[in-house]
Structure formats: C-alpha cells, structure tokens
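What follows is one structure encoded as structure tokens, with my remarks underneath.
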Amino acid sequence: MILLFTDFGLSGPYTGQMKAVLAQQAPAVPVIDLFADAPAFDPQLSAYLLAAYAPVFPAGSVFLCVVDPDVGTDRRPVMVEADGRWFVGPDNGLFALLARRATSLNAWTIDWIPDRLSASFHGRDLFAPVAASLATGRPVERSPFPRDAIDRSDWPDELPRIVYVDVYGNAMTGMRASTLPADAVLTAAGTRITRARTFGAVGPGQPLWYENSNGLAEIAVNRGRADRVLGLKVGDAVTVES
C-alpha cells in the first residue's frame, strides 16, 4: 500500500493530483490518506507525528511524505528504508525521528529526474512517481545517503510541543507517553493537566492527558474540545513535572 502524509489538505487540487499520478503508475496498489493535515510548513512537528504513526503499518508499505516548505531549493529528495518500510520525500528533517528510532535503516538521494519537474510541486512530479515505482518493484535511480545525514542531532528524542489537533480538538504532543513518569503533570497554555487512562475517568468538561492509541501523550477534555476549552494550538509548548 501507499500512504499519503502531507500538509496539502483535502480541498483543492494537490492531493488529487498526486493520487492521479499513483493511479496511473501503480493502479493495483491501494492508496491510503493517512494525514492530509500534517503541521503546515513544519517538518519538525511533522517528524514526531510520522514517527508515531508509521510503525503500525506492515513492512513493504510506502509512505509518500510531503511537508516541503523549501520545495524548489537545494534541499535533497530522498528515499529511506526504515525497518522494512519505505519513505519518500524531502530531506528537511521529516524522516529524522524515524531514522533515529529504526533498528535497520538505509537511505538514498533520488537521482532520477522526471521529464516534467515544476519548481513548486515535487510531490506530484517527483515523489509520487518514485513512490509508485517502489510500490510496484520498479528500480529508481539513486545514490547512497549517510544515515547520520538524515537525523537532526539538535532535535530532542521527545518534543514537548503540540504537534497535531484532531477533529475532536484533542491535542497530541511530540512526546511518547511511555517516556513520561506515571504521575507526570503536563502544563499547556497555563493549565495543569493530570493523567488519566481514558476520557471517562474525569468528569464532563474536565481536562486530562492520556496515552493515545499510537503511544503519544495527548491532551483532551471529556466531551469537549481541548483546543477551544484550553486554548491550545499546534506548536504550543508543553511542560512536564512529576
């Protein structure tokens, strides 16, 4: 399968144009919209989100990842194989956490250049055809890329910021819950928030943080929207205390 991870949104032509390329070049491969609303223009926040969600998919999955504010510059197009899964996209830190946490890792720069390569839409013109080739077993012109060049050594292992707000207003952090103390209290937008196992463990309208289904520490309000009730938005800092 091919999984889309982008900040394009589902309105407008961009996601549809990439899917059209995939339908032409890999017609038998299912295409899944994983995230169309990754943190816009922010490869760092997106990297922590991608690293949390990718491991549940089987080996051989191909992730077409485009959060690419520097499209058209000298940033490199890369393909990464991490624990049997493939990732195609820009070398801007988007794959840094995947690389750091992977047991096995290989990376390459993409040397293939399509006949048509716009300055502003490498997702359609370059990355989608490469993802289709990987998903169908066709070779891609490439050169080895050092493993340590994928990582961003100045980025922390756990990111104490809000990286995503879902349709219910729940706010995911870039921290894995398993790395936090059991009695950790999170503070976000001036509100101290204690841990609970699930929403119903607190009263209606009350805040909590919990381990979400993909292992991230997530802030919520029972039967309410944490983003509105607590005033949270993507990029906000979160502090941790025991």
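The values are calculated or read from the model by the stated rules, or taken from the named source; none is laboratory data. A quick note: this is a predicted structure, and the numbers were derived from the prediction, not measured. For neighbour counting, all protein chains shown are included, and Cβ atoms are generated from backbone atoms with ideal geometry for every residue, glycine included. Remember, those area values only see protein heavy atoms, side chains included, never the ligands or the DNA or RNA. Shrake-Rupley method; radii C 1.70, N 1.55, O 1.52, S 1.80 Å.
Restricting the search to the stretch 208-220, which residues are open to solvent by less than 10 Å² (accessible area, probe 1.4 Å) and over 12 Å from Arg195 (Cα atoms)? The answer is Leu216, and nothing else. Checked against (1) within 20 Å of Met18 (Cβ to Cβ); (2) buried (at least 16 other Cβ atoms within 10 Å of the Cβ); (3) among the acidic types (Asp, Glu), Asp70 passes all but condition (2).
Filtering the stretch 138-159 to residues that are part of a strand (DSSP E or B) and surrounded by fewer than 18 Cβ atoms within 10 Å (Cβ to Cβ) leaves Arg142, Ser143, Pro144.
Answer yes or no: is there a residue in the stretch 117-130 that is open to solvent by 10 Å² or more (accessible area, probe 1.4 Å), in a loop (DSSP other than H, G, I, E, B) and within 17 Å of Leu4 (Cβ to Cβ). Yes, the stretch 117-130 contains a residue that is open to solvent by 10 Å² or more (accessible area, probe 1.4 Å), in a loop (DSSP other than H, G, I, E, B) and within 17 Å of Leu4 (Cβ to Cβ).
Is it the case, given these coordinates, that Trp108 is of a type outside the set (Ser, Thr, Tyr) and under 17 Å from the mean Cα position of the chain (by Cα)? It is false that Trp108 is of a type outside the set (Ser, Thr, Tyr) and under 17 Å from the mean Cα position of the chain (by Cα). Filtered by the rule that a residue be aliphatic (A, V, I, L, M) and farther than 18 Å from Thr173 by Cβ, the stretch 43-66 gives Val56, Ala59, Val62, Leu64, Val66.
Yes or no: Ala184 more than 15 Å from the chain's Cα centre (by Cα), over 20 Å from Lys233 (Cβ atoms), open to solvent by less than 80 Å² (accessible area, probe 1.4 Å) and not acidic (Asp, Glu)? Criteria met by Ala184. What pairs can you find where one residue is in the stretch 3-26 and touching a residue at least 60 places away in the same chain (Cβ under 8 Å), the other is among the basic types (Lys, Arg), and their Cβ atoms are less than 7 Å apart, with a gap of 6+ or different chains? Here the result reads Gln17/Arg124; Met18/Arg124; Val21/Arg124, each pair linking the stretch 3-26 to a residue that is among the basic types (Lys, Arg).
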